[in-house]
Amino acid sequence: MNSIIFSKNKFAQILFSTPVIIIYSLIIIIPLIQAFIMSFTNWDGVNTATYAGLANYKMLFTSPNLKVSLINSVIYSAILVTYQLTLGTLFATILVNSTIKFKRIFKDIYFFPVLLSVSVVAQLWLSIYHGDFGLLNQILKMLDPTWSQNWLAEPTKGIIAIVLAESWKGMGYHMLIIYAAMRNVPRFYYEAATIDGASPTQQFFNITFPLIGQTLKVCFIMCVTFGFRAFEQIFIMTSGGPVNYTYTMSIMMYKALFGLQKYGYSNAIAVFIVVICVGIMLMIERAFRNTHVEY
Amino acid sequence: MKKSTILRIFIYIFMSIYALISLYPIIWMAFYSLKNNEEIFVTNPFGPPLHPKFSNYYRALTEYNIAVFFKNSAIVSFFSIVLGIFFVLLFTYVVARVRTKTTGVLRTVVVMGMFIPVQAIMTPLVVMVKNMKLSNTHWSLIVPYIALGFPFAVIVLYGFYVNLPTDLEESAYMDGSGFYRTYFQIILPLMKPPVLVLVIYQFMGNWNEFGLALVLITKSSLKTLPLGLASFTGQFSTEWGPVGASLVIASLPVIILYIFFSNKVEDAMAFSGMKN
Amino acid sequence: MIKKSLSMLLVVAMLFTALVGCGKSDNTAGSSTTTTGEATIASEATTTSDTTAISDNTQKAGEFTVYTYYADAAKIITDEAVRLMKEKYPNVKLNIEHRSDSDGAVLKTRSAVGELPDIFECTGTLTDTFIQSKDIIPLNSAMEKMDFENLYMPNIFAGLKSADGNYYAVQASAPSAALIYYNKKVFADNGLTPPKNYPEFLSLVQKLKAADIIPLSLFAQQKWPGLQLFDIAVTSQEPLGITGFEGGVKKPSEKAYTDAAKKLYDLVKAGLLGKGAFNTNASQAFELLKLGKAGMLINGSWYFADAKEYIDNIGYFEYNPFADPGSEETSKWNASGGVNTPGGYAISAKTKDPEFAKEIMLNYVLSRSKAEVTETAGINILKEDVQPKVKRGESYQKFADNVKNYKSFTKFEWSLKTPDLITLLEDSSEKLLTGSYLPEKFITDLEKALENTPK
């Protein structure tokens, strides 16, 4: 697989990779290492930090909010993956294979929610879910007066309501990636399969699916880890509240940083988030390793 | 035959309903921008404005320096996208073509950047930007945005490079075309579809970015749109109509750019599909 | 002592004509030049000034960045203050920068790179942090020179002194109280009157609920109104309110606090809050009250200014609605709330001409105090007589008359001593308001948590 084109051009290797390595190290890696070091200190963000050992991590693992945050993050990830990948793949398949009209228009429209800023989408869904005047409750009230709910103000229900809004907003993002990957599958595979008499369903599972497997894996990782880092939408809609019903790991980190003003503690939470995400990524990589197909 | 007609109708209905749900927020935002607080929050949150207030747009345009914010956002987004994608194109080419342990580690480390919550590295990052002597220039945002765009760009481009047959460049190289010519004339043009996709994604991200801009930009003449819009909303009371109007104005470039580029992506993909 | 304000007023009079011509508002985000206010101030100049000295610095040139809250009502005040400053110091340019954070995160990062604004609003515990890091400097010298404290009514600056006895951040605002407002029409239509004690309050809530009106519109998207409601409940018995927890003076298990928790819980169970309270923002809560969809609202007394367009239909409870029968008249004068803004304006240690910066800042604070009265009909805390340009609404005037009768104030939660305490109290009171935590559990949990909280 190694290309001969580079083996004779060591200098080009260095030249091509240096800009990214330098910028990435300066902007991401070094600050990240500093943040990691700071997670072992007490720091108010301004004055000299004092060494605190593992105190911040102890505080994190004994926090009553940790369990709720982890469970909510898992729910968040699970729903994101299910909603976005299922619908994303479904729409991409229809857009690539079906002979329906207006495909481009459909594709563009499905992407619109992705383009809007989070604050707009969050405001819209806040109005939809609002306990007193929300669209959802108005509709439910018409059906049965007892069905109206405090959508965003109860445990579990709250986080599900938020993640549905988030999933809806981001679906087009993954749909477009999957769509691009499907378009990239060479046509002649399908032509050959059709000649061999394979049905469209067989073609999907035997040709499309394996060939876009790599892309699906990437989308899968992005969805799951995004669930653990998700912040803006939750922050605008509920800020983690009421109480800690809609807390997630990143809300916890934010509260530690801006509410409690404990930089060391918030860095410890950040480190924990990174560890979880990298762990998930490696697990998924491993799980997908055997299914990787190269034509 | 009949079965497939029913299926088609079903697909049309399903697709149309979902299209409606996807389109509504834009319509809702347009309605919103023409209302007052009373309609927005209590009397009429979802329908068209009963007494359209076009003055909201006038206020959004005149009371705030929207033109300046707009210009800054455009500069920052443009340079961070062009430079960022260019650097990643080069980097990922090496990583995809030279498969050693080092390049594997490099790729993983960069991709892992996706999982870092930005707030975690904010303070050290600000100090870094200052030490790089970038403070109070557009570069104080451009450089961090470039770096933050790396992980996603590497993921996308890596997939494309790997799927690109090596025969093409190798035969060109054997024929005596130099290394750099081979890359820039043979390989780079083939990367058009993923690059166009990246432009859309990165532009969206940079155009709407708020958290970093808030701490990195101190001069009001350098403020980007999201930062400028933040001063519309107050802590205790706000007139939300003009906020909506400014959000509509701020969203337009993203929507226009998307429609423009998505057609380009489509053409580019159709082209590359044909070749196969 | 009156030197500064005097010279300022003199300059106003002298430069009045010149400024209207060439005083084009600088680029500080459009400080609108309204001409109506100047006449008032100029005429007052003759009554309060002895025409002796003009400060040497008024012609001095300089440029200062002022980092301050610049939105809603504060915008009008800031614009007017900047205008007044321009009159007094025609060669000084103030660049107003909106404070978009309420937690100091932006200031901290700027301090990390040594780029603090010259003059900035320094909130809460940030003042102590910056004193320790020597990012801000004492203001005493300039304050003494101007005899600053004496320009104001007594006790305005009490509590602003830092532990070392110096002033580092100064702000002059009238005490604000957290009040419960009501829609007069809604009350009249339903045959209700403002309650004087808890039993009346409870039955009021039940009646509103039965009439399908949200009894109290709480913008619980922010956490402080809920906590302040608890504070009001506590002050019906204990004047210290939530400030009693600072330094561990009071314990949650004391009667005032357990009673307050129980009353609040019962009210919530009776339907005090709307279903959407936790997702309601301030603007929305105001609309609910204004349109009569809600009967009551809790907010600070600055709401009088926010509600100026419909103030005639808004009243406020003069009696503490949580009072036990018999104690109405005493608890009436225990106010919840206090100084609206925590901390105040501080000067960056890195500013070029610190002494001049201090002088400018103090004059800016002075201008704001005037602007607050003239522009938003705020309560005057200056010794100098300043009159509002517009008449206060009836309920606002009543509050303005009452405010000096208050015997005690607590604090708005953001002024509490430690962020840990603020967070703990916010979260606990929110639990209580969801109605799914028993008041006893609220008290025991809070008591336990307070033991390990820096306060």
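The values are calculated or read from the model by the stated rules, or taken from the named source; none is laboratory data. As the structure is a computational prediction, the values presented were derived from the model and not from experiment. All Cβ positions, glycine included, derive from the backbone under ideal geometry; neighbour counts span all protein chains shown.
Computed quantities for the displayed model
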| quantity | calculated |
| --- | --- |
| Yes/no for B:L61 being more than 9 Å from chain A (Cβ to nearest Cβ) and more than 20 Å from the chain's Cα centre (by Cα) | yes |
| Residue within segment A:250-261 that is touching a Leu at 6+ places or on another chain (Cβ under 6 Å) and not in a helix (DSSP H, G or I) present | no |
| Selected residue (criterion: surrounded by the most Cβ atoms within 10 Å (Cβ to Cβ)) from residues of segment C:272-294 that are over 24 Å from the mean Cα position of the chain (by Cα) and more than 12 Å from chain A (Cβ to nearest Cβ) | C:L272 |
| Residue that is nearest to the chain's Cα centre (by Cα), among those in segment B:27-41 that are surrounded by 18 or more Cβ atoms within 10 Å (Cβ to Cβ) and of a type in the set (A, V, I, L, M) | B:M29 |
| Selection from segment C:106-123 of residues that are under 25 Å from the mean Cα position of the chain (by Cα) and assigned to a loop (DSSP other than H, G, I, E, B) | C:L116, C:P117, C:D118, C:T123 |
| Residues that are in a helix (DSSP H, G or I), more than 21 Å from C:G343 (Cβ to Cβ), touching a residue at least 40 places away in the same chain (Cβ under 8 Å) and not acidic (D, E), drawn from segment C:59-81 | C:I76 |
| Residues of segment A:94-123 that turn out to be free of Cβ contacts under 8 Å to residues at least 40 places away in the same chain, part of a helix (DSSP H, G or I) and within 7 Å of chain B (Cβ to nearest Cβ), as a count | 7 |
| Some residue of segment A:119-133 being at pLDDT below 85 and within 18 Å of the chain's Cα centre (by Cα) | yes |
| Matching residues, segment C:389-407, being under 17 Å from C:A305 (Cβ atoms) and assigned to a helix (DSSP H, G or I) | C:E394, C:S395, C:Y396, C:Q397, C:K398, C:F399, C:A400, C:D401, C:N402, C:V403 |
| Condition broken by C:Q221, with the remaining ones in (1) away from chain A (no Cβ under 14 Å); (2) touching a residue at least 40 places away in the same chain (Cβ under 8 Å); (3) under 30 Å from C:N452 (Cβ atoms) satisfied | (1) |
| Any chance B:T43 is over 22 Å from B:W207 (Cβ atoms) and assigned by TED's automatic domain parsing to the domain that holds B:W207 | no |
| Qualifying position, being of a type in the set (D, E, K, R) and in contact with a Ser or Thr (Cβ under 6 Å, 6 or more places away or on another chain), among C:D164, C:D118, C:D128 | C:D118 |
| Segments classed as helices (runs of 4 or more DSSP H), wholly inside segment B:147-259, with at least 1 members that are over 21 Å from the mean Cα position of the chain (by Cα) and more than 14 Å from chain C (Cβ to nearest Cβ) | B:167-174 |
| Pairs where the first residue, in segment B:140-154, is farther than 23 Å from B:S220 by Cα and the second is among the polar types (S, T, N, Q) and crowded, with 24+ Cβ neighbours inside 10 Å, C-beta under 9 Å, 6+ apart | B:L148/B:S80; B:L148/B:N206; B:G149/B:S80; B:G149/B:N206; B:A153/B:T92; B:V154/B:T92 |
| Residues being surrounded by fewer than 21 Cβ atoms within 10 Å (Cβ to Cβ) and in contact (Cβ under 8 Å) with a residue 40 or more places away in the chain - total across segment C:445-455 | 3 |
| C:K441 vs. criteria surrounded by fewer than 17 Cβ atoms within 10 Å (Cβ to Cβ), of a type outside the set (A, V, I, L, M) and free of Cβ contacts under 8 Å to residues at least 24 places away in the same chain | yes |
| Only listed residue being within 9 Å of chain B (Cβ to nearest Cβ) and either closer than 15 Å to B:P117 by Cβ or without any contact (Cβ under 8 Å) to a residue 12 or more places away in the chain (or both), chosen from A:F205, A:F209, A:F258, A:F235 | A:F258 |
| Matching residues in segment B:191-216 - criterion: being of a type in the set (S, T, N, Q) and under 14 Å from B:F261 (Cβ atoms) | B:Q202 |
| Sole residue being free of Cβ contacts under 8 Å to residues at least 24 places away in the same chain, facing chain A (nearest Cβ under 7 Å), assigned to a helix (DSSP H, G or I) and on the phi < 0 side of the Ramachandran plot, chosen from B:M112, B:M128 | B:M128 |
| Candidates A:P31, A:P19, filtered to the one that is under 28 Å from A:G240 (Cα atoms) and either touching a Leu at 6+ places or on another chain (Cβ under 7 Å) or part of a helix (DSSP H, G or I) (or both) | A:P31 |
| Residue among B:I81, B:I146, B:I142, B:I75 that is under 23 Å from A:V274 (Cα atoms) and assigned by TED's automatic domain parsing to the domain that holds B:L227 | B:I146 |
| Unmet requirement for B:P144, which otherwise passes all of (1) at the interface with another protein chain (Cβ under 8 Å from one of its Cβ atoms); (2) at pLDDT below 85 | (2) |
| Criterion violated by B:W139 - all others in (1) facing chain A (nearest Cβ under 8 Å); (2) hydrophobic (A, V, I, L, M, F, W, C); (3) closer than 27 Å to B:L196 by Cα; (4) surrounded by fewer than 21 Cβ atoms within 10 Å (Cβ to Cβ) satisfied | (1) |
| Unique residue being farther than 27 Å from C:D312 by Cβ and of a type in the set (V, I, T) when the list is C:I180, C:I156 | C:I156 |
| Scope segment C:177-219; condition among the basic types (K, R) and outside any helix (DSSP H, G or I); matching residues | C:K196 |
| Test: residue in segment A:155-164 that is in contact with a helix residue (DSSP H, G or I) (Cβ under 8 Å, 6 or more places away or on another chain) and either facing another protein chain (nearest Cβ under 8 Å) or of a type in the set (K, R) (or both) | no |
| Selection within segment C:327-351 - without any contact (Cβ under 8 Å) to a residue 24 or more places away in the chain and surrounded by fewer than 17 Cβ atoms within 10 Å (Cβ to Cβ) | C:E329, C:T330 |
| Selection from segment A:134-170 of residues that are under 30 Å from the mean Cα position of the chain (by Cα), assigned to a loop (DSSP other than H, G, I, E, B) and surrounded by fewer than 16 Cβ atoms within 10 Å (Cβ to Cβ) | A:T156 |
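Here is a yes/no grid of residues against (1) in contact (Cβ under 8 Å) with a residue 12 or more places away in the chain; (2) aliphatic (A, V, I, L, M):
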residue: A:A165; (1), (2): yes, yes
residue: A:M171; (1), (2): yes, yes
residue: A:L176; (1), (2): yes, yes
residue: A:A198; (1), (2): no, yes
residue: A:Q214; (1), (2): yes, no
